[in-house]
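In what follows, a structure is listed as structure tokens, so that the remarks can point back to it.
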Amino acid sequence: MSWLKPPRPRSPTAVTAPAERRAIVIELVIVFAITLGLAGMRALLSLLDSLLRPEPLAEQDVALHRPQAAIGVIDMAQQLLGVLQLLGWAALGLYLLWRAGIALRRIGLDASRVRRDVLTGIGLTALIGIPGLALYFAAWSAGANLAVIPSALDDTWWQPITLTLSAFGNAAAEEILVVGYLLTRLRQLGFGENSALLISAILRGSYHLYQGIGGFVGNVIMGLLFGRYWQRTNRILPLVIAHTLLDVVAFVGYAMLRDHIGWLP
């Protein structure tokens with residue numbers, strides 16, 4: 001399949017000056033040491049903790065959204081601060097690319113083809129969502145995954161709002177940092193497209209390790225598909241749209257259905 005073949009590297013071209021290359025490496029270490037790389041290390045420790053417990057993984061659970069305070073309005077503010085942090089991570093990646101002279105349109109974050117980006121995002125949602133759900137239940141049934149509870153928040157008027165904003169925050173942070181920002185910087189360092197894609201996908205899987213082996217594998221596959229799409233098109237907006245829709249369905253859909261469908265965790 002031609003779509004799976006590595007594309008020809010697009011601009012920006014590789015940086016050759018040693019000082020500039022060193023600066024990019026230092027920048028990458030700092031960015032991911034305070035964002036998703038750190039999240040990956042914490043997720044690994046969380047998985048090790050789960051594996052060392054006496055009960056099997058499938059009998060343990062992990063909630064993606066938990067109450068952060070006993071008082072509702074403070075809890076809402078805490079949830080919104082979490083969204084703000086995610087958007088701050090995304091903004092950091094965009095700012096660093098912009099400071100390096102890389103226009104945001106060069107990673108596909110512009111309004112030049114919104115209709116096509118939206119339709120592509122919806123298509124990617126279906127492509128990833130249905131197999132991903134099947135993979136999760138297969139891994140959970142096989143004992144390789146914890147029971148993932150998308151939301152343990154109380155039923156309040158603001159719950160759907162914060163969950164939807166969280167979905168967008170997750171999508172923006174992950175797709176901009178792990179795809180648009182990281183793959184652009186790896187191109188500048190002269191990495192091959194396949195090598196860069198693998199690094200990006202493994203990083204994506206790493207910060208989902210707290211869910212179990214199934215969560216890691218599923219997100220690596222998603223990273224390979226999303227990363228290759230970006231390498232071939234340089235369009236990041238469809239990925240943000242698809243990721244947002246996937247998380248909205250998971251977060252808000254679960255919150256609406258958990259009391260009506262008995263087989264949900």
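Can you confirm whether Trp140 is at pLDDT below 95 and either surrounded by 15 or more Cβ atoms within 10 Å (Cβ to Cβ) or touching a strand residue (DSSP E or B) at 6+ places or on another chain (Cβ under 9 Å) (or both)?
yes
Kindly check whether there is at least one residue in the range 148-158 that is under 17 Å from the mean Cα position of the chain (by Cα), at pLDDT 95 or above, under 23 Å from Leu209 (Cβ atoms) and not hydrophobic (A, V, I, L, M, F, W, C).
No: zero hits.
Cβ contacts < 9 Å: first residue on the phi > 0 side of the Ramachandran plot and in contact (Cβ under 8 Å) with a residue 60 or more places away in the chain, restricted to the range 113-137; second residue among the basic types (Lys, Arg) and crowded, with 17+ Cβ neighbours inside 10 Å, any location; separation 6+ or different chain. Result?
From residues that are on the phi > 0 side of the Ramachandran plot and in contact (Cβ under 8 Å) with a residue 60 or more places away in the chain, there are no pairs.
Assuming Pro67 fulfils every condition listed in (1) under 27 Å from Leu203 (Cβ atoms); (2) surrounded by 12 or more Cβ atoms within 10 Å (Cβ to Cβ) apart from one, which condition is it?
Result: Pro67 fails condition (1) only.
Under 6 Å between Cβ atoms, at least 6 apart or on separate chains: pull out the pairs that start in the range 41-70 with a residue that is farther than 19 Å from Trp140 by Cα and end on any residue that is of a type in the set (Asp, Glu) and surrounded by 12 or more Cβ atoms within 10 Å (Cβ to Cβ).
Every condition considered, the pairs that remain are Pro67/Asp75; Gln68/Asp75; Ala69/Asp75.
Which one is surrounded by the most Cβ atoms within 10 Å (Cβ to Cβ), of the residues in the range 86-131 that are of a type in the set (Gly, Ala, Ser) and over 17 Å from Asn170 (Cα atoms)?
Within the range 86-131, the match that is surrounded by the most Cβ atoms within 10 Å (Cβ to Cβ) is Gly108.
So, Leu38, is that one surrounded by 11 or more Cβ atoms within 10 Å (Cβ to Cβ) and under 18 Å from Leu182 (Cα atoms) or not? Outline the logic, then answer.
Values: surrounded by 11 or more Cβ atoms within 10 Å (Cβ to Cβ): yes; under 18 Å from Leu182 (Cα atoms): yes.
Against the criterion (surrounded by 11 or more Cβ atoms within 10 Å (Cβ to Cβ) and under 18 Å from Leu182 (Cα atoms)), Leu38 qualifies.
Examine the range 152-164 for a residue that is of a type in the set (Asp, Glu), surrounded by fewer than 24 Cβ atoms within 10 Å (Cβ to Cβ) and either in contact with a Lys or Arg (Cβ under 6 Å, 6 or more places away or on another chain) or touching a residue at least 40 places away in the same chain (Cβ under 8 Å) (or both), and state whether such a residue exists.
yes
The values are calculated or read from the model by the stated rules, or taken from the named source; none is laboratory data. This one's a predicted model, so the numbers in the text were calculated from it and none came from an experiment. Note that each Cβ is placed from the backbone with ideal geometry, even for glycine, and that neighbours are counted across all protein chains shown.
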